[in-house]
1. Counting other C-beta atoms within 10 Å, and keeping those with at most 13, which DSSP coil GluC sites (Glu not before Pro) do you find in the stretch A:106-168?
2. Between rounded, prolate and oblate, where does the stretch B:143-224 land on the alpha carbon gyration tensor, with a ≥ b ≥ c its root eigenvalues, rounded for a/c under 1.5, else prolate if a/b exceeds b/c?
3. Taking R0 as 25 Å, what FRET efficiency do you get between A:Asp213 and A:Thr180 from their Cβ-Cβ distance, rounded to the nearest 0.05?
4. For A:Ala224, what residues show an amide H to amide H distance below 5 Å, using hydrogens built from the backbone and excluding near sequence neighbours?
5. Using the 10 angstrom Cβ neighbour count as an exposure proxy, how do B:Thr49, A:Thr71 rank, fewest first?
6. If one computes the Cα centroid of the stretch B:140-215 and of the stretch A:199-246, what distance in Å separates the two points?
7. What Kirkwood hydrodynamic radius do you get for the stretch B:97-246 when you take the inverse of the mean 1/r over all pairs of distinct Cα atoms, in Å?
8. If neighbour count is taken as other Cβ atoms inside 10 Å, put A:Trp128, A:Trp135 in order from fewest to most.
2 protein chains.
Amino acid sequence: MPGRPLNDYISVDCVIFGYNGQELQVLLVDRTLTNNSTGQPEFTDLTLTGNHIYEDETIEQAAYRVLFDLTGLKNVFLDQFKTFAHPDRLKKENDRRWLIHDGRDPDKRIVSIGYFALLATQNITLEWKGRNVKWVPVSEVGELAFDHNQILEEALIALRNKIKQEPIGFELLPEKFSLTQLQNIYEVILSTELDKRNFRKKIARMKYLIPTDEKQTGVAHKPARLYVFSREVYEKTKKELFDFTV
Amino acid sequence: MPGRPLNDYISVDCVIFGYNGQELQVLLVDRTLTNNSTGQPEFTDLTLTGNHIYEDETIEQAAYRVLFDLTGLKNVFLDQFKTFAHPDRLKKENDRRWLIHDGRDPDKRIVSIGYFALLATQNITLEWKGRNVKWVPVSEVGELAFDHNQILEEALIALRNKIKQEPIGFELLPEKFSLTQLQNIYEVILSTELDKRNFRKKIARMKYLIPTDEKQTGVAHKPARLYVFSREVYEKTKKELFDFTV
DNA sequence: TATAGTTAGTGTTGTTTTAACACTTAATTA
DNA sequence: TAATTAAGTGTTAAAACAACACTAACTATA
């Protein structure tokens, strides 16, 4: 039994990132209307996932609720990265597109609290209030509704900053993963190439990536050993880290 | 001519940090009421500085406006670090304290967009809508109104993270400063001691701290050479930096 | 004007991290 | 059983880090 929205003009928006083995993807809601007579789309309407905050929940709870409603998952990596409220948020292009969603006054702008999430995308079923939800590679995202292009841009910046500081890459992978998969995630997110041997030496120094006895199966080459992330070891070791930029 | 507030329940709150040569300080507004008959304070009421967002400005402009109204300064370091909206923000302690400010409905919570600012505190005059504004060492901050203790806590965390990544320490100092002053700022913010020689070697590697011909005057010891920060050099060199945590 | 007090400023060494680089191994498929 | 593919592994030179102690330059005061 959800409560009343706290305020019609405040919402959380979640930039949900996934990884398909090649590219970084983002989850978008497609509410494109199709013209009944011509069968052509009247206009495209792609958005991030978001919702209002209810009266009795924290912002963070609202963001987790959005994610749970969509994926059924509860333990998802989630990070509040920035809040947006540009004066002409709703006036973009001055067309009626932005009115269709829920009839909000287009002169009132919405304050949008941005979160980004990292999902391991294998075997989750997507369901979002009966709407059409789809993964889109970040490099192929076109024009989004509202200021969602800007929010996505900032989410990417926040993700890149975060992954430089904390080991969160594995959040995009299944529980057990190979080091090559992990390296790929860093390469894709940071748009760089990394040396395989140096990457693995760095991982060996960090103690929190634990090799298992398992190996990949069904691949037409030497199967990779699978690793798991140990949060306990990480929590211990991160306190030892200390460095700074003058 | 300021516009109407966008929304009564959204505000920016600025955690303004300063440095007095010894300690990290934060700027607080004291609206403590004094009981007319006894002369005793009826209760203390210390808050961060904040304001509503006007209709025609961005969140960031609102934050800069708060800072300008207070200090008369325009080029201040400012960073949006987190947004707060705990359901019982205004219900804390269940007393009438939180009602006095402007008569807002205490059942409606306020969404507060948190910024932190770094000020060089020498020779600025503080003026805040006729209110009593004062510097308080961060270590001596007691109970604040609303959830401002939590906001300050998070601002400190954000400041520590930021200063580990970007050279922002000098923002708390006059334009020309000594390396010992700068080192002290890092020690205070990061709660650590740094080796003088290693600190200076690190600075030498970064090229953007430029020695001037000037020296300290009026000190009863060998006068320190003064340095300036070069934004141009920094913008060039920062693109070269690349490192990450697995 | 000499001396005491105070902070500025400077180099070396051993250890750790980085960056660059190529071949062998183990599985599948043809 | 040969071809294909990605996994996995070690060395070296350069840079960064951490730990450590003395001399220089100014003021205050005796």
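1. Those that pass, being in a loop and sparsely packed, are A:Glu127, A:Glu143.
2. Prolate is the answer for the stretch B:143-224, as a/c is 1.5 or above and a/b outweighs b/c.
3. 0.90
4. A:Gln216
5. Fewest-to-most ranking of B:Thr49, A:Thr71: A:Thr71, B:Thr49.
6. The distance from the Cα centre of the stretch B:140-215 to that of the stretch A:199-246 comes to 32 Å.
7. 18.8 Å
8. Ordered by Cβ neighbours within 10 Å, fewest first: A:Trp128, A:Trp135.
Laboratory data are not the source of any read-out in this text; all were calculated from the coordinates shown. This is a predicted model, so every value here is computed, not measured. With ideal geometry, Cβ positions are generated from the backbone for all residues, glycine too; neighbour counts draw on all protein chains shown.
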